[in-house]
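Engineer: Here it is, the structure, as structure tokens.
The values are calculated or read from the model by the stated rules, or taken from the named source; none is laboratory data. These numbers were taken from a predicted model, which means no experiment stands behind them. Methodologically, a virtual Cβ is constructed for each residue, glycine included, from the backbone with ideal geometry; neighbour enumeration extends over all protein chains shown.
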Amino acid sequence: MTPQSLLQLTSQKCTTGCPILDRLLYGGIPCDSITEIVAESGSGKTQICLQLSLHAQLPVSHGGLAASSLYLHTEFPFPFRRLHQLCLSFRSSNAHHFPVNDNPCDRIFVQSVHSADHLLEIMSKTDPFIENSKNQVPARLIVIDSIAALFRSDFDNTPVELKRRSSLFFKISSKLKALAKRFNLAVLVTNQVVDLVGPNEGINGLRIGNLGCLHTSGRRVCPALGLAWANCVNSRLFLSRNEEVIREENEKPNGQSCDFVKKKMRKLYVVFAPHLPESSCEFEITREGLFGVER
Amino acid sequence: MEIWRLPISASQRGKLISAGYTSLSSLSSISSSDLARELKVSESEAMNILKVASHSRGSETSNASCSIVEGAQSAWDMLHDEESLMHITTSSADLDNILGGGIHCKEVTEIGGVPGIGKTQLGIQVAVNVQIPNDFGGLGGKAIYIDTEGSFMVERAFQIAEACIEDMSEYNRFLRKDFQECKIKMLPQDILENIFYFRICSYTEQIALINYLDKFLSEHKDVKVIVVDSVTFHFRQDFDDMALRTRVLSGMALKLMNLAKRFSLAVVLLNQVTTKHTEASFQLALALGDSWSHTCTNRIVLYWNGNERYAYIDKSPSLRSASAAYSVTARGIRNSSSSCKRIKMM
């Protein structure tokens with residue numbers, strides 16, 4: 001057993017495709033680590049996952065991993081159409097990396113997952129899959145979208161069942177981390193949120209990370225799967241969306257007037273990460289993808 | 001009373017006895033500067049006394065140490081040892097204060113808290129601070145960092161190392177204006193080289209590594225701290241036999257304590273937090289159960305109080321229960337920036 005030399009250990013990152021988001025994340029999603037994205041539905045989790053699967057194929061000099069990705073999805077249907085749309089704009093902005101016949105979608109391997117045990121089964125098969133992929137384009141990114149869906153229904157709310165659920169979290173996380181270390185993979189996991197209702201929040205009201213409480217769509221929420229799962233991930237990012245009423249000055253024929261316009265405000269927060277300070281940035285989702293906004 | 005027999009002046013003898021040195025063995029483990037200070041005599045006088053004492057001790061037929069059991073130490077000797085032990089600073093003066101100077105060597109310290117509170121940051125800070133040279137009040141030693149979760153980011157360690165060197169240069173500039181030679185020749189790369197980093201992926205690897213540390217430490221005697229981040233992760237999976245888990249954990253804890261005592265180093269174990277279901281409500285507790293909580297010498301709990309991070313001494317044989325605020329900055333662990341920095345004594 002010899003210690004690793006820290007000077008040779010560089011943590012590679014996979015770019016998100018947007019320089020503003022990359023600056024927030026100090027380069028992108030790190031390899032050999034599990035990053036979790038927590039948000040309510042419709043906030044953009046799947047968008048980031050798809051965008052990352054495409055950008056992982058960029059060469060290392062451009063921030064990618066020169067790799068294919070494995071996309072494990074638990075919610076149906078898989079957004080093929082959106083992936084194709086993103087692929088088109090990805091191709092056009094990175095045309096010099098991809099020859100004409102090449103379709104980046106060919107390097108995204110999609111697998112549906114039905115339950116936690118199914119996930120464990122898949123992970124035991126992932127070893128040879130990644131080994132074999134080394135011959136063509138190595139797989140360096142695993143996306144699980146979303147991990148919460150696997151656990152929300154199978155377990156009762158008794159202490160015994162919750163304990164069993166917790167030990168499954170650690171088992172899955174341990175396998176993912178072992179895979180990540182062995183093949184230097186980046187692992188991205190998405191999670192859902194639960195509402196916090198009433199004054200007695202119990203364990204869900206426990207503060208984890210930089211944000212005292214997470215707000216989205218005007219409600220207080222907390223990430224699903226609880227404290228045990230929070231111990232299993234290395235970094236956690238939170239996407240929030242809110243409708244804001246903004247006063248806009250408009251030029252009208254009868255002089256200046258102001259309108260009150262409803263605008264969708266989307267923000268990405270770093271909840272906790274070993275290498276990132278507390279920070280946040282605004283972003284928007286367009287046809288071309290998810291991009292940070294500099295105000 | 002062997003002091004009577006020593007060929008020293010009557011006034012010196014009187015000073016020795018009134019200071020409490022009634023037998024030769026009590027003079028065996030004290031340094032001349034300490035003795036000079038205690039007796040209020042010059043250092044050369046103290047050195048003379050010690051020389052005479054060791055001389056007459058050597059000519060005695062009885063054994064120098066009046067211990068009953070081989071390897072036993074008197075409490076007096078242990079007190080001296082403890083006072084001469086150095087502590088590893090955490091870079092936050094408030095935190096060092098409640099810790100009695102910093103992380104203690106020869107002891108196992110367990111630090112636990114919720115995710116994101118700064119456990120890994122504290123671990124990295126300690127692994128960097130143990131390398132502060134003796135001139136600056138540090139141990140000048142190396143560190144072993146055992147990473148079980150993959151939370152260690154090299155760039156962050158580099159950042160903290162850089163900040164540590166900058167702080168040492170500042171200290172140099174302010175207090176040692178005349179000693180131009182004491183320029184800091186350390187680079188962040190040197191600090192990273194002195195951290196022996198092990199990455200562990202299963203509990204069997206963890207146990208194997210801790211068994212191997214004995215050999216490793218005999219080859220690298222300058223290691224002064226072992227950080228395990230975190231000690232619990234691989235033990236929270238399904239263990240069919242919980243008794244096996246308890247046995248394995250206590251065996252591991254015993255080995256670590258042995259290493260701490262034998263090689264005079266500090267062991268820092270980072271732990272996670274879990275919920276204990278008691279009747280209707282829940283309670284937060286450090287993971288690994290009640291039997292594990294007996295095995296560590298010191299226990300520090302990190303928690304959020306409003307928007308601030310706090311550390312609380314939960315268990316310690318020598319320190320008082322207290323809590324102090326700290327913050328995690330770009331430079332590492334530092335004092336909290338809030339204005340009310342009073343240490344709450346409980």
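Engineer: What is the one condition in (1) surrounded by 14 or more Cβ atoms within 10 Å (Cβ to Cβ); (2) closer than 24 Å to B:I124 by Cα that B:L284 does not satisfy?
Structural biologist: Condition not satisfied by B:L284: (2).
Engineer: Restricting to the range B:125-175, name every residue that is among the charged types (D, E, K, R) and under 16 Å from the mean Cα position of the chain (by Cα).
Structural biologist: Within the range B:125-175, the subset among the charged types (D, E, K, R) is B:135, B:142, B:147, B:149, B:155-156, B:162, B:166-167, B:170, B:173.
Residue satisfying the conditions is B:K142 alone.
Engineer: Now for a separate question. Under 22 Å from A:N234 (Cβ atoms) and without any contact (Cβ under 8 Å) to a residue 60 or more places away in the chain: does that describe A:K171? First the steps, then the outcome.
Structural biologist: Details: under 22 Å from A:N234 (Cβ atoms): yes; without any contact (Cβ under 8 Å) to a residue 60 or more places away in the chain: yes.
So A:K171 fits the description; yes.
Engineer: A further question on this structure: For the range B:253-297, give me each residue that is polar (S, T, N, Q), in contact with a helix residue (DSSP H, G or I) (Cβ under 7 Å, 6 or more places away or on another chain), more than 14 Å from every other protein chain (Cβ to nearest Cβ) and outside any loop (DSSP other than H, G, I, E, B).
Structural biologist: Passing the criteria: only B:S291.
Engineer: Right, another one. With within 21 Å of A:L25 (Cα to Cα) and within 19 Å of the chain's Cα centre (by Cα) as the only criterion, which of A:L179, A:L188, A:L225 stands out? Show your work before the answer.
Structural biologist: Working: A:L179 fails: within 21 Å of A:L25 (Cα to Cα); A:L225 fails: within 21 Å of A:L25 (Cα to Cα).
Of the residues listed, the single one that is within 21 Å of A:L25 (Cα to Cα) and within 19 Å of the chain's Cα centre (by Cα) is A:L188.
Engineer: Further, regarding this structure: Quick check: is even one residue across the range B:206-215 within 10 Å of chain A (Cβ to nearest Cβ), crowded, with 18+ Cβ neighbours inside 10 Å, over 21 Å from the mean Cα position of the chain (by Cα) and small (G, A, S)?
Structural biologist: No, the conditions are met nowhere in the range B:206-215.
Engineer: Taking the condition away from chain A (no Cβ under 14 Å) and closer than 30 Å to B:Q272 by Cα, does B:L139 pass? Steps first, answer last, please.
Structural biologist: On the way: away from chain A (no Cβ under 14 Å): yes; closer than 30 Å to B:Q272 by Cα: yes.
Taking the combined requirement at face value, the residue satisfies it.
Engineer: If you don't mind, another one. Where residues in the range B:232-250 are away from chain A (no Cβ under 12 Å) and touching a helix residue (DSSP H, G or I) at 6+ places or on another chain (Cβ under 8 Å), which of them is modelled with the lowest pLDDT?
Structural biologist: Let us first name the residues in the range B:232-250 that are away from chain A (no Cβ under 12 Å), namely B:241, B:243-244, B:246-250.
Keeping just the survivors that are touching a helix residue (DSSP H, G or I) at 6+ places or on another chain (Cβ under 8 Å) gives B:246, B:248-250.
Values: B:T246: 87, B:V248: 90, B:L249: 90, B:S250: 90.
My answer is B:T246.
Engineer: Output the residues belonging to the range B:205-231 that are closer than 27 Å to A:F169 by Cβ and either touching a helix residue (DSSP H, G or I) at 6+ places or on another chain (Cβ under 7 Å) or in contact (Cβ under 8 Å) with a residue 60 or more places away in the chain (or both). If you could, list the steps in order and put the result at the bottom.
Structural biologist: Of the range B:205-231, the ones closer than 27 Å to A:F169 by Cβ are B:205-210, B:227-231.
Once the filter is applied, which keeps residues that are closer than 27 Å to A:F169 by Cβ and either touching a helix residue (DSSP H, G or I) at 6+ places or on another chain (Cβ under 7 Å) or in contact (Cβ under 8 Å) with a residue 60 or more places away in the chain (or both), the range B:205-231 yields B:Q206, B:I207, B:L209, B:I210, B:V227, B:V228, B:D229, B:S230, B:V231.
Engineer: Report the residue count in the range A:83-123 for those that are under 28 Å from A:I172 (Cβ atoms), without any contact (Cβ under 8 Å) to a residue 40 or more places away in the chain and of a type in the set (G, A, S).
Structural biologist: The number of residues fulfilling the criteria is 1.
Engineer: Can you say whether A:F78 is assigned to a loop (DSSP other than H, G, I, E, B) and at pLDDT 90 or above, as far as the supplied structure shows?
Structural biologist: yes
Engineer: Continuing with the same structure: Give A:F238, A:F291, A:F260, A:F272 a once-over and let me know the one that is exposed (fewer than 11 other Cβ atoms within 10 Å of the Cβ) and of a type in the set (F, W, Y).
Structural biologist: Numbers: A:F238 fails: exposed (fewer than 11 other Cβ atoms within 10 Å of the Cβ); A:F291 fails: exposed (fewer than 11 other Cβ atoms within 10 Å of the Cβ); A:F272 fails: exposed (fewer than 11 other Cβ atoms within 10 Å of the Cβ).
None of the others qualify; the one that does is A:F260.
Engineer: Within the range A:98-110, is there a residue that is of a type outside the set (G, A, S), modelled with pLDDT of 90 or more and surrounded by fewer than 16 Cβ atoms within 10 Å (Cβ to Cβ)?
Structural biologist: yes
Engineer: Another question, then. Is there a residue being part of a strand (DSSP E or B), over 20 Å from A:V194 (Cβ atoms) and β-branched (V, I, T) anywhere in the range A:283-290?
Structural biologist: yes
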